[in-house]
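S.K.: Before I ask anything, here is the structure I am working with.
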Amino acid sequence: MMSVLARAVREVEGSVQRGSIKPSVSTKFQVIALLVREERAQVKTDESRSEAYRAEQLKRLDGIATILAKVAVRDASLLGLLAEDAPVSDAARELRHEMLVAAGRTPAEDEVPVAAPTAAVTAPKRRVVPPSVVSRQLANPFLAPDYDAAAARPAQKSVARPRRLVNWELIGPLLSSFENATDGTTASMALPGAATVRLPDGLELMPHQARLVAAAEDGHRTFLLADEPGLGKTAQALLAAQAANAFPLLVVVPNVVKTNWAREASLWTPGHPATVIHGDGHTIDGFADIIIVNYEVLDRHVGWLGDLGFRGMVVDEAHFIKNKKSQRSQHVRQLSEQLRSRAVRPLLMALTGTPLINDIDDFRAIWQFLGWIDERKPGPELMEALEETGLTPVDHGFASAARGCVIDLGIVRRRKADVAADIPARRVADLPVELDDAAGRSIRAAERELADRLVARYHAALEARGDAATGIDADLVRRVAGAELADKSAKTGENVFSMIRRIGQAKAGLAADYAAQLAHSVGKVVFFAKHIDVMDAAEALFAERGLRYSSIRGEQTTRKRQQNIDAFVNDPDVAVAVCSLTAAGVGINLQVASNLVLAELSWSAAEQTQAIDRVHRIGQAEPVTAWRIIAAQTVDTRIAELIDGKAGLAARALDGSDEEISSAADIQLEALVALLTDALTA
């Protein structure tokens with residue numbers, strides 16, 4: 001809850017500073033005040049927590065309350081909303097519910113917004129249509145979607161209509177067939193042999209990925225792809241869309257992975273341009289083949305998205321729609337219904353390593369999105385398959401047969417252990433994230449300031465030696481970068497070290513959120529960070545999500561440190577180990593996990609490798625994936641490239657290579673060299 005409140009109050013503060021006091025800002029201000037008041041009362045009465053923990057939480061709440069007070073002083077219209085008897089609008093109640101869900105809280109039944117009785121979702125107060133989408137609609141009349149083909153689809157043959165099961169209640173038995181499955185088999189459909197897929201140079205598709213693409217190529221059009229994280233679901237979805245010619249393609253994702261989706265699309269399907277919707281979508285390419293939108297802004301774009309004429313739709317982390325009463329779930333299902341009614345055999349894919357979180361009922365919303373069921377009964381295809389079994393829910397064998405019918409509609413589930421031969425024993429997967437809030441803008445401004453200072457030093461050096469060189473002097477660039485690196489004076493402003501620390505702080509919440517998702521999907525996860533404040537922020541988020549964690553830090557006694565390691569290794573309820581990159585990078589064994597999150601970048605490839613080796617070591621039974629969180633459009637991306645470029649030099653040197661082994665100082669210098677070179681060539 002604390003990270004949700006902190007992010008929201010920063011958004012309100014930024015809006016007020018810009019003089020933008022829209023009704024939505026006032027609503028958010030009031031909801032933050034309500035939740036701070038409720039959270040304070042809850043913390044004070046929570047006897048299960050230590051006194052120190054409660055004091056720390058109250059201190060953080062005081063900080064948020066202080067920002068609210070400062071904001072209210074700037075605009076007197078907000079003061080009245082702080083009163084305990086201030087009226088609460090329907091919009092505020094809905095936003096409060098959404099913030100509670102975002103914080104991992106389950107609102108009371110009487111607090112859950114009730115969906116309208118009709119299938120359509122009530123339009124929100126504010127809907128947008130990006131200018132480039134209007135341009136697409138006006139540019140060429142032949143780009144307008146044609147729904148005639150879908151309307152002219154032949155009706156199903158009468159023999160396929162439900163007969164024996166028409167009066168049976170079937171949704172409950174279908175769900176129970178999965179809940180009570182005891183045959184020991186994985187719920188995964190039979191897939192054809194691996195397809196031969198033409199890929200861009202340098203890319204290789206693993207056999208288990210190619211088999212799903214082959215299914216799409218053979219005509220299968222609905223998939224619940226429930227592979228474990230690290231098995232390449234994103235690439236499979238993009239290539240399946242290409243095989244099915246399902247463009248334009250709509251991709252709905254959590255905010256933390258939308259930049260990564262655009263990056264993966266440029267790699268795997270470069271012939272189909274992708275665009276990402278940020279905010280009101282003013283920067284999107286309305287003519288793109290792949291449109292990526294995050295759940296948080298879907299409500300304001302659902303109108304024009306429904307009319308664009310998509311031929312495919314992918315929902316990533318599909319467990320996000322499990323609450324059928326939530327607005328995000330309603331919008332996703334509305335778009336799916338429009339797609340199925342307007343396109344001939346569209347591609348629909350739900351991607352999640354965790355289709356079930358609370359109970360078997362979590363399947364309902366995902367199955368509805370895929371068109372397998374509606375509110376009360378199976379869809380035509382599933383009903384026909386159930387009829388063909390010749391069984392009813394009271395017959396022996398119905399549960400097993402019914403489960404098989406649902407699986408054949410498109411459930412695909414592979415674990416790392418099942419496809420271990422396909423994937424590397426150890427790999428680093430970069431996850432770019434967009435820092436599009438006030439902190440991100442501040443970091444990019446500081447980076448420009450640092451680049452400008454380097455450029456000024458470079459030109460001053462040229463002028464001092466009377467050089468009229470037209471090109472870039474690479475040697476001088478390195479000397480200027482070295483001088484900047486050696487200058488420890490605080491008067492020079494932002495330096496590369498403080499900037500990297502700020503980037504780590506800005507990524508903390510996104511990295512912790514992804515680690516929490518992994519913990520729900522695959523079990524135990526190791527979270528590495530370099531700085532204490534990043535570890536603190538992550539631990540606060542895990543506590544809010546109800547995830548138990550162990551903290552492994554440098555200031556701990558040897559005994560306390562070992563207790564925390566043992567808790568993570570031996571206690572099945574401890575989901576995350578939050579580790580200091582320097583203090584926990586050596587000397588400990590955490591191979592009980594096979595996934596780790598690198599929330600901050602190290603200054604050396606060796607330090608990164610040491611962290612990964614806490615998990616990838618003797619006794620590890622599964623391939624290891626290190627998820628490296630990279631701040632897009634910042635120096636973070638350059639440092640990641642430098643680390644990868646220097647990786648392995650030590651091993652090559654030991655094998656007889658004469659290459660020089662890199663140090664942390666090398667990467668720091670090269671980062672500044674790259675920053676200055678880019679600025680000079682801009």
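The values are calculated or read from the model by the stated rules, or taken from the named source; none is laboratory data. Since the model is a prediction, treat every value here as computed from it, not as a measurement. Reconstructed Cβ throughout: ideal geometry from the backbone, glycine too, with neighbour counts over all protein chains shown.
S.K.: Taking the options 446, 451, 402, name whichever one is modelled with pLDDT of 90 or more and surrounded by 17 or more Cβ atoms within 10 Å (Cβ to Cβ).
M.R.: Working: 446 fails: modelled with pLDDT of 90 or more; 451 fails: modelled with pLDDT of 90 or more.
Exactly one residue qualifies, and that residue is 402.
S.K.: Moving to a separate point now. From the list 26, 15, exactly one residue is surrounded by 11 or more Cβ atoms within 10 Å (Cβ to Cβ), under 22 Å from residue 97 (Cβ atoms) and touching a residue at least 12 places away in the same chain (Cβ under 8 Å). Which is it?
M.R.: Values: 15 fails: touching a residue at least 12 places away in the same chain (Cβ under 8 Å).
Step by step, each of 26, 15 is checked, and only 26 is surrounded by 11 or more Cβ atoms within 10 Å (Cβ to Cβ), under 22 Å from residue 97 (Cβ atoms) and touching a residue at least 12 places away in the same chain (Cβ under 8 Å).
S.K.: Anything in the stretch 569-589 that is modelled with pLDDT of 85 or more and either crowded, with 18+ Cβ neighbours inside 10 Å or among the charged types (D, E, K, R) (or both)? List them, or say none.
M.R.: Quick first cut of the stretch 569-589, residues modelled with pLDDT of 85 or more only: 569-580.
Result: 571, 573, 574, 575, 576, 577, 578, 579, 580.
S.K.: Take the stretch 265-283 and flag every residue that is under 21 Å from the mean Cα position of the chain (by Cα) and either farther than 23 Å from residue 330 by Cβ or outside any loop (DSSP other than H, G, I, E, B) (or both). Outline the logic, then answer.
M.R.: Start the filter on the stretch 265-283 by keeping residues that are under 21 Å from the mean Cα position of the chain (by Cα), which leaves 265-269, 273-281, 283.
265, 266, 267, 268, 269, 273, 274, 275, 276, 283, listed by residue number.
S.K.: Determine which single condition residue 224 fails, assuming it passes every other condition in (1) surrounded by fewer than 23 Cβ atoms within 10 Å (Cβ to Cβ); (2) hydrophobic (A, V, I, L, M, F, W, C); (3) not in a helix (DSSP H, G or I).
M.R.: Exception for residue 224: condition (1).
S.K.: Then there is this: Pull out all pairs, ordered by first then second residue, where Cβ-Cβ is under 9 Å, the residues are six or more apart or on different chains, the first lies in the stretch 382-401 and is more than 13 Å from residue 174 (Cα to Cα), and the second is modelled with pLDDT under 90 and assigned to a helix (DSSP H, G or I).
M.R.: Between residues of the stretch 382-401 that are more than 13 Å from residue 174 (Cα to Cα) and residues that are modelled with pLDDT under 90 and assigned to a helix (DSSP H, G or I), the close pairs are 384/160; 387/160.
S.K.: Output the number of the condition that residue 33 fails; it satisfies all remaining conditions of (1) without any contact (Cβ under 8 Å) to a residue 12 or more places away in the chain; (2) crowded, with 20+ Cβ neighbours inside 10 Å.
M.R.: (1)
S.K.: Is there a residue being over 30 Å from residue 461 (Cβ atoms) and in contact (Cβ under 8 Å) with a residue 24 or more places away in the chain anywhere in the stretch 481-489?
M.R.: The initial filter retains those residues of the stretch 481-489 that are over 30 Å from residue 461 (Cβ atoms), namely none.
No.
S.K.: Would you mind telling me which numbered condition in (1) surrounded by fewer than 21 Cβ atoms within 10 Å (Cβ to Cβ); (2) out of contact with any His (no Cβ under 8 Å at 6 or more places or on another chain); (3) not β-branched (Val, Ile, Thr) residue 425 fails?
M.R.: (2)
Listed here are the residues, each with its yes/no results for (1) surrounded by fewer than 19 Cβ atoms within 10 Å (Cβ to Cβ); (2) among the polar types (S, T, N, Q).
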{"site": "188", "(1), (2)": "yes, yes"}
{"site": "193", "(1), (2)": "yes, no"}
{"site": "199", "(1), (2)": "yes, no"}
{"site": "211", "(1), (2)": "no, no"}
{"site": "228", "(1), (2)": "no, no"}
